[in-house]
Structures are given as structure tokens and as C-alpha cells.
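J.: Following this message is one structure expressed as C-alpha cells.
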Amino acid sequence: KTALYYGKDCTDKVNLPENAGKTYVQCTMEAPRGTYFTTLGFLASKPSSMLFENNNYGRVAAMNEVIRGETLLPNTEGEQGTKVNDLPQCLVTNDWRVLVQSEGKFAPRGTAKIPATGNYCQGCHLGRQLASGSIVFRPFGPIGDILSGESLRRIENGGTELSRQEALLKSYILEAKSKLDINDKVIQGANNWANQPPGASELQRVDVAIFGDWLNIGLGSGQERGCVQDNGVDYPVVTVDDLLKYYLRDELVLARGLSRIVPRAMSNLNATNQEIISGVMGSWKSGGGKLLPVFQAYLKSETFSCAAGGQ
């Protein structure tokens, strides 16, 4: 049932006689897929999209939680700071979207707009890569479908013979369009999308064409890309795989994540402690990065004994 979403290799193998009746068939994912974080299972667990207000931030947060064990919670009440720090020059995007709530009042939503609003926002959107991550997840729709230039053009032209994926995508486009002024000028009313780049004399309309540019398949600059700055070094982030490689550049990042996840999964503990961290890190190193020694270290800990005894 999901082969269509993974490309030609998958659909061809599913249709082979020897695979008839099989529940699962192994195949090779085609770009832009390529890691666990581009599978339908992961993407559908966080049904977001660049067409939605969440703008894929939830997917980046979920990826961060799986790898690092950190739960990022949205918070819009922090101090902006007397002077907002500049965005990294290597973060290239024209996504300065806002939600026009009433005349003169805008809620930041775009890849660049949120971290440019205040230093407090930069903690997650730059420090935990939500901004760059929102770019690399753009090719994927809410259920993990692929957003393509061809489907965008067909939908924009009002095609009637749309595939199931495109019909689904059409509903997303229409949902986004419902926030636009049909006269190409943003209404100064409640809950309308607009783009508000620095120095613009007026709010800009958001439509299918600009979605295409943000996918790097439109007629715009085609230069939308993320990056991560770490100790003065710029790491280009163009695909989900790029972001994953950045996370895993430190071989111990998974061990630190497991020190948070294992007690949560096995004992329903909301926090880790130094005993768990030390035990997991030590077993990870001595066990060659395998999971079994990590679980054994936790099961031998006093923390586990106390948690088990209290249940």
C-alpha cells in the first residue's frame, strides 16, 4: 500500500510475481528519501508541512528527540532581547511568513521570521536547528507524500484527473489559499498568510508559486538552504541526511540521547541522573556502540532498582 510513495524500485518489486501476497517487500528509497527520518512511518507520526503553520518544526523536534533524547517544547513568551542577534549568513531563505491576526499585528511563522523575532526564539530555531530543519523537510507533505513541481503546477492549473497523492495535496494548497486575499493583496484582517521580508514596503502574498520557490523548484532564486554554525564552522544543510550527519558527527550523541530515553521507556521516569548517564556512556564505549550493554547497564543501576521497587 505504501510502495507508490517510495518510488519506482518499490513499485516494480511489489508487482513481481514472487512478491505477490507478501506484506512487506525490501526496496531502495529514492531521493529525496534516504534515511529513517524520511520514511512514511516517521513523517506521518508528525503530520506537518511547509504549507501548515507548524512549518515542519515538529518533525525537526521529533528527530532531535529520537537522536538526542531532548523534548523541545514550544514557548512564545520569552524575552526578545534589546538587540536581536543576526541570523547566520549561510541560512538562505525567503520564508519570512507571518500570520496576520489583525491590522498591525503579526504572528511569526516562517523559517527566518521566527529566529529573527527574538534571541529567545533562536535557542531552538538556531541552536536546535528548527530553522534549517524546516527547509530540509519541505519536500514532504503531511502524511509523508512528496511535494513536486509537477504536482504543484497541475493542481494550480485546475487539473481534474489527479492521482490520490495530488488530490490530497490539492486540499493542502486550497487550505493555504484560504488564508490569501483573492485580489493579490493581503487583507488586514484575521488569520491571513503573508510574507514579510526585511525592508519590504508592504506584505507579500503567499501562493503556490512561492511554495515552488521554497521547494527550490520555482522560478525564484532556487537557493533555499539551511546551515548549522558550530564553533565558527558552517555546516551546509540541504537534505535530511545532511542534518542527520551533523547530529551524528559526535559519536557519543546517541549515548547521551539513550541516557534520557532508556529510563523513560523502561521505567517511565521523567528525568535521568548522573548514575544513568555515567553507566550508559561507559557501556556504550566499552560495548562498541551496541545497545545491549546500554540496557544491561541501566538494569544494573540503583535507579532502576528503586524505580522497579516503587511500582
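The values are calculated or read from the model by the stated rules, or taken from the named source; none is laboratory data. Just so we're clear, the structure is a prediction, and the values are computed from it rather than from any experiment. Note: ideal-geometry Cβ built from the backbone for every residue, glycine included; neighbour counts use all protein chains shown.
J.: Answer with yes or no whether LYS1 is surrounded by fewer than 18 Cβ atoms within 10 Å (Cβ to Cβ) and either among the basic types (Lys, Arg) or free of Cβ contacts under 8 Å to residues at least 60 places away in the same chain (or both).
T.: Answer is yes for this residue.
J.: Can you pull out every residue in the stretch 10-24 that is of a type in the set (A, V, I, L, M) and loosely packed, with under 14 Cβ neighbours inside 10 Å?
T.: Of the residues in the stretch 10-24, the ones of a type in the set (A, V, I, L, M) are 14, 16, 20.
The answer is LEU16, ALA20.
J.: Something else now. Being within 13 Å of GLY69 (Cα to Cα) and touching a helix residue (DSSP H, G or I) at 6+ places or on another chain (Cβ under 6 Å) is the filter here; which residues of the stretch 270-279 pass it?
T.: THR272, ILE277
J.: Just to check your reading of the model, which residue among ASN270, ASN231 is surrounded by fewer than 15 Cβ atoms within 10 Å (Cβ to Cβ), touching a Lys or Arg at 6+ places or on another chain (Cβ under 9 Å) and modelled with pLDDT under 85? If you could, list the steps in order and put the result at the bottom.
T.: On the way: ASN231 fails: touching a Lys or Arg at 6+ places or on another chain (Cβ under 9 Å).
After ruling out the rest, the residue left standing is ASN270.
J.: Being under 30 Å from GLY7 (Cα atoms), at pLDDT below 90, within 13 Å of the chain's Cα centre (by Cα) and assigned to a loop (DSSP other than H, G, I, E, B): is that true of GLY159 here?
T.: On the way: under 30 Å from GLY7 (Cα atoms): yes; at pLDDT below 90: yes; within 13 Å of the chain's Cα centre (by Cα): no; assigned to a loop (DSSP other than H, G, I, E, B): yes.
No; evaluated as a whole, the condition is false for this residue.
J.: Given (1) assigned to a loop (DSSP other than H, G, I, E, B); (2) out of contact with any helix residue (DSSP H, G or I) (no Cβ under 6 Å at 6 or more places or on another chain), identify the lone condition not met by GLU18.
T.: For GLU18, the exception is condition (1).
J.: Looking for whichever is within 22 Å of the chain's Cα centre (by Cα) and buried (at least 17 other Cβ atoms within 10 Å of the Cβ) here; the options are ALA209, ALA194. Which one fits? Give the derivation first.
T.: Working: ALA209 fails: buried (at least 17 other Cβ atoms within 10 Å of the Cβ).
After applying the criteria, what remains is ALA194.
Yes/no matrix, rows are residues, columns are (1) within 30 Å of VAL262 (Cβ to Cβ); (2) without any contact (Cβ under 8 Å) to a residue 24 or more places away in the chain; (3) buried (at least 20 other Cβ atoms within 10 Å of the Cβ); (4) touching a helix residue (DSSP H, G or I) at 6+ places or on another chain (Cβ under 7 Å):
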position: GLN26; (1), (2), (3), (4): yes, yes, no, no
position: PHE37; (1), (2), (3), (4): yes, no, yes, yes
position: ALA44; (1), (2), (3), (4): yes, no, no, no
position: MET50; (1), (2), (3), (4): no, no, yes, yes
position: ARG68; (1), (2), (3), (4): yes, no, no, yes
position: THR71; (1), (2), (3), (4): yes, yes, no, yes
position: THR82; (1), (2), (3), (4): no, yes, no, no
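J.: Considering only residues that are of a type in the set (S, T, N, Q) and assigned to a helix (DSSP H, G or I), look in the stretch 273-311 and name the one that is surrounded by the most Cβ atoms within 10 Å (Cβ to Cβ). Reasoning before the result, please.
T.: Taking the stretch 273-311 as the starting set, the residues that turn out to be of a type in the set (S, T, N, Q) are 273-274, 278, 283, 286, 296, 301, 303, 305, 311.
Keeping just the survivors that are assigned to a helix (DSSP H, G or I) gives 274, 278, 283, 286, 296, 303, 305.
Details: GLN274: 9, SER278: 13, SER283: 21, SER286: 11, GLN296: 13, THR303: 17, SER305: 11.
That would be SER283.
Let's see how each residue does on (1) in contact with a Cys (Cβ under 8 Å, 6 or more places away or on another chain); (2) β-branched (Val, Ile, Thr); (3) not in a loop (DSSP other than H, G, I, E, B):
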site: THR11; (1), (2), (3): no, yes, yes
site: CYS27; (1), (2), (3): yes, no, no
site: PHE37; (1), (2), (3): no, no, yes
site: PHE42; (1), (2), (3): no, no, yes
site: GLU53; (1), (2), (3): no, no, no
site: VAL84; (1), (2), (3): no, yes, no
site: PHE106; (1), (2), (3): no, no, yes
site: ILE114; (1), (2), (3): yes, yes, yes
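J.: Going by what's in this entry, would CYS306 be described as hydrophobic (A, V, I, L, M, F, W, C) and closer than 28 Å to GLY127 by Cβ? Quick ask: steps written out before the conclusion?
T.: On the way: hydrophobic (A, V, I, L, M, F, W, C): yes; closer than 28 Å to GLY127 by Cβ: no.
In short, no.
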